[in-house]
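Read through the structure below, which is laid out as structure tokens, and then see the notes.
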Amino acid sequence: MKKTGERTGWIFLLILLWVALIRIGGFSPLILPSPRDVLKALYEGFTQGNLGWQILISMGLVLTGLTAASVSALLFFLVSVSSRAGKSFIETLTIIFHPLAGIALLPVVILWFGTGALSIVFIILHSALWPMVTNLSAGYQSLPETYLMVGRNYELSKWRMSTKIILPGSLPYILAGLKISWSRSWRALISAEMIFGAVFKTGGVGWYIFSRRVFMDTPGMFAGITVVIIIGILMEDLFFGILEKKTVLKWGMSLES
Amino acid sequence: MNHNPDCILSIRGISKSYPSISSSHTVLSNLSINFKKGEFTVLLGPSGCGKSTLLKIISSMILPDSGEIYISNIPVHTPDRKRILMLQDDNQLFPWLTVKKNILFAVHTSQGERRSCNLENLLTLTGLEKYADYYPHQLSGGMKKRTALARALAGNPEILLLDEPFASLDEGIRRTLQQSFINIWKEYQLTVLLVTHDIREALISGQRIVVMNAHGTIICDERNPLSGTAHPQEEEFFTLYKKYYKLISNF
Ligand SMILES: Nc1ncnc2c1ncn2[C@@H]1O[C@H](COP(=O)(O)OP(=O)(O)O)[C@@H](O)[C@H]1O
Ligand SMILES: [Mg+2]
């Protein structure tokens, strides 16, 4: 909880700096709105606009993409541990696609899947998949030989070896991969939403931010950005924080230690 | 060839070398030895002579360069639950399972349980009652060893291969554990091969003592004269101690 206190303190300081900047610089609210304006816009976004719904759409898209990526990563991993050829094939795929930014694929994705939710999910899948595959195989390689020896000694089937030993044993790496995948797909999602517009009628948070521009609603833009930041912090500190506390930290398996 | 029906484990002509920087480093060469069912053998040898390597070969965790392992006169090449190896490594417990679940791992994974494993018994025996719900990273090195031993016993093997099981234990717990282990061995008629560099341990636990020199060659293989004596005469003990000390340090 010490971490939470420190974090809150720093954020408070940043807000103070923000206010000071407005006072000293005398910026127009159209260029740099005050925290109060942004809060007001945020409130109106929820009460008069569709911001709540838009957040749900964004989260839904990210979760769908991440789930698809997890399933594919697991399949790729199984292929890569099943044979030498499988391993080198998956490695090659990773080398080709991992460095490729999701946004670079946009024109092709639009050509293939149009400008709907499917395209967004595909971009997220791409952003999340490769870090997951990389971390899964790093986790497998870091697994102590002795765990596998114990498994072989008790005659575990391939399936049980994977689920009882390999997966839990590589959990620190799996979680690290999930974290990277989450932050990459969250970024990719917000950019993609701005380009694809109002998927599911209202669009997501990305579209909310982008559409404020039309009305020159600067506090609204800042409100949208704030939402993106808050969700990022909640996922990082709360979701992953709790997940780690209940697993790898409890088991003394954290990568940092 | 030895076709003695009593012979449960037979090691025939085992050689093993590891690749090293200059050439290959031969650890075991043409080693042969037989073990009778129900026998408690201690393999005594200096550090680095190849004891752990031999146990891994016997349990088929690694394959020898040449030679064969026979279980009841049948050659074996993959690990199985009949031969459970308790590794020397501290890293053999699963960190995501509690002490209790680590021990039960040996039971849950078996198809048909041959002996109902009495978890309470095993915990008491190894002095881990209070630590059943601890995770391995919360245990001392000695407690980890005891958990690994309990798991190996829970697996109900025919042949138990123990790699320095009592090393790094406190003197007190070591003595009680050694004594209770001897009782278990008798009760379950286990065939035990225990590996150690500790002469004292060899003298107080084994029925048979096999001595390996630093080159991985067996230089002595005999009944332990102290076998079955709970409190040996000090004089006899030290005479034997000196004898084995000379054997393992002379090369
Ligand atoms: N995986 C390995 N690769 C290379 N050398 C090894 C390996 N394992 C053991 N050795 C070497 O083989 C010799 C015997 O090792 P080991 O069987 O562990 O001996 P002991 O258990 O008697 O101390 C040592 O010199 C050790 O350095
Ligand atoms: Mg050893």
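What follows is calculated from the coordinates using simple rules that are stated; it is not laboratory data. Quick caveat, the model's predicted, so the values are computed rather than measured. Note that we place each Cβ from the backbone using ideal geometry, even for glycine, and neighbour counts take in every protein chain shown.
For the stretch A:144-209, the set of trypsin sites (Lys or Arg not before Pro) satisfying both a DSSP loop assignment and a count of at most 12 other C-beta atoms within 10 Å is given as A:201. For residue B:101, a cut-off of 16 angstrom between C-alpha atoms picks up these lysines, skipping any fewer than 8 places away in its own chain: A:164, A:250, B:130, B:144, B:145.
Taking the number of Cβ atoms within 10 Å of each Cβ as an exposure proxy, the fewest-first ranking of B:226, A:189, A:13, A:167 is A:13, A:167, B:226, A:189.
Given R₀ = 45 Å, FRET efficiency for residue A:198-residue B:132 by Cβ-Cβ distance, to 0.05?
Details: r = 57 Å, r/R0 = 1.27.
According to the calculation, E is roughly 0.20.
The stretch A:134-156 and the stretch B:1-64 have Cα centres separated by 25 Å. Ordered by the number of other Cβ atoms lying within 10 Å of each residue's own Cβ, fewest first, B:7, B:49, B:220 fall into the sequence B:220, B:7, B:49. Relative to the Cα centre, the charge distribution of chain B, modelled as +1 at Lys and Arg Cβ and -1 at Asp and Glu Cβ, gives a dipole magnitude of about 260 debye.
Taking 7 Å steps out from each Cα toward its Cβ at residue A:104 and residue A:64 produces label points 2.6 nm apart.
Our helix-only sum for chain A, with -39,500 (n - 2.57) per DSSP H run of n ≥ 4 divided by its residues, gives a mean residue ellipticity at 222 nm of -23500 deg cm²/dmol. Annotation: extensible slack from residue A:160 through residue A:250 equals 30.1 nm (criterion: 0.36 nm per residue apart, minus Cα-Cα distance).
Expressed as a fraction of 2.2 N^0.38 Å, the value expected for a compact globular protein of N residues, the C-alpha radius of gyration of chain B is 1.00.
Over all distinct Cα pairs, what is the inverse of the mean 1/r for the protein assembly as shown, reported as the Kirkwood hydrodynamic radius in Å?
On the way: mean 1/r = 0.0363 Å⁻¹.
Value: 27.5 Å, from the Cα pair sum.
The mean number of Cβ atoms from other chains found within 10 Å of a Cβ in peptide A:150-161 is 6, as a whole number. Take the Cα of residue A:39, step 7 Å toward its Cβ, do the same at residue A:17, and the gap between the two points is 2.1 nm.
On average over all directions, what projected area in square nanometres does the stretch A:1-114 have, based on the convex hull of its Cα atoms? Walk me through the intermediate numbers first.
On the way: hull surface 52.2 nm².
Taking a quarter of the hull surface, the average projection is 13.0 nm².
Shielding of B:89-98 by partners, i.e. mean partner chain Cβ atoms within 10 Å per residue?
On the way: counts 6, 2, 5, 6, 3, 8, 11, 12, 3, 1.
Averaged over the peptide's residues, the number is 6.
Partners of residue B:16 within straight-line reach, counting lysines whose Cα lies under 18 Å from its Cα and excluding those fewer than 8 residues away in the same chain: B:51, B:56. If you take all other residues with their beta carbon under 15 Å from the beta carbon of residue B:53, and give Lys and Arg +1 and Asp and Glu -1, the sum is -2. When only alpha carbons are used to place a centre, the stretch A:218-257 and the stretch B:121-185 end up 41 Å from one another.
The 3J(HN,Hα) values that the Karplus relation (6.51, -1.76, 1.60; θ = phi - 60°) gives for the stretch B:188-194 are, in residue order, 9, 6, 6, 9, 10, 10, 10 Hz. Gly and Pro appear as x. Here's the picture: a label point sits 7 Å out from the Cα of residue B:221 along the beta-carbon direction, and within the stretch B:35-55 the residues with their amide nitrogen under 18 Å of it are B:35-46, B:50-55. Which residue fluctuates the most in chain B, going by a Gaussian network model with Cα springs under 10 Å, if the choices are B:149, B:31, B:161? Result: B:31 has the largest fluctuation of those listed. Overall, chain A carries a charge dipole of about 320 debye about its Cα centre when +1 sits on the Cβ of Lys and Arg and -1 on the Cβ of Asp and Glu, all other atoms neutral. Computed from the C-beta positions of residue A:88 and residue A:215, the FRET efficiency with R₀ = 45 Å rounds to 0.25.
Can you give the relative contact order of chain A as a percent, counting alpha carbon pairs under 8 Å and 6+ residues apart?
On the way: 248 pairs, mean separation 65.6, N = 257.
Reported as a whole number, the value is 26 percent.
When the label point is put 7 Å from the Cα of residue B:180 along its Cα-to-beta-carbon vector, which residues of the stretch B:125-145 have a backbone N closer than 11 Å? So the set is B:125-130. By DSSP, the beta bridges lying fully in the protein assembly as shown are antiparallel in about 55 percent of cases. Residues considered: A:26, A:204, A:49. Largest GNM mean-square fluctuation over chain A, using C-alpha springs under 10 Å, is found at A:26.
Max-minus-min Cα coordinates of the stretch B:126-251 on each principal axis give 45, 30, 29 Å, with the largest extent listed first. Taking the helices alone, chain B has a mean residue ellipticity at 222 nm of -10000 deg cm²/dmol, built from -39,500 (n - 2.57) per DSSP H run of at least 4 residues and averaged over all its residues. Separation of the stretch A:48-118 and the stretch A:168-203, taken as the distance between their Cα centroids, equals 9 angstrom.
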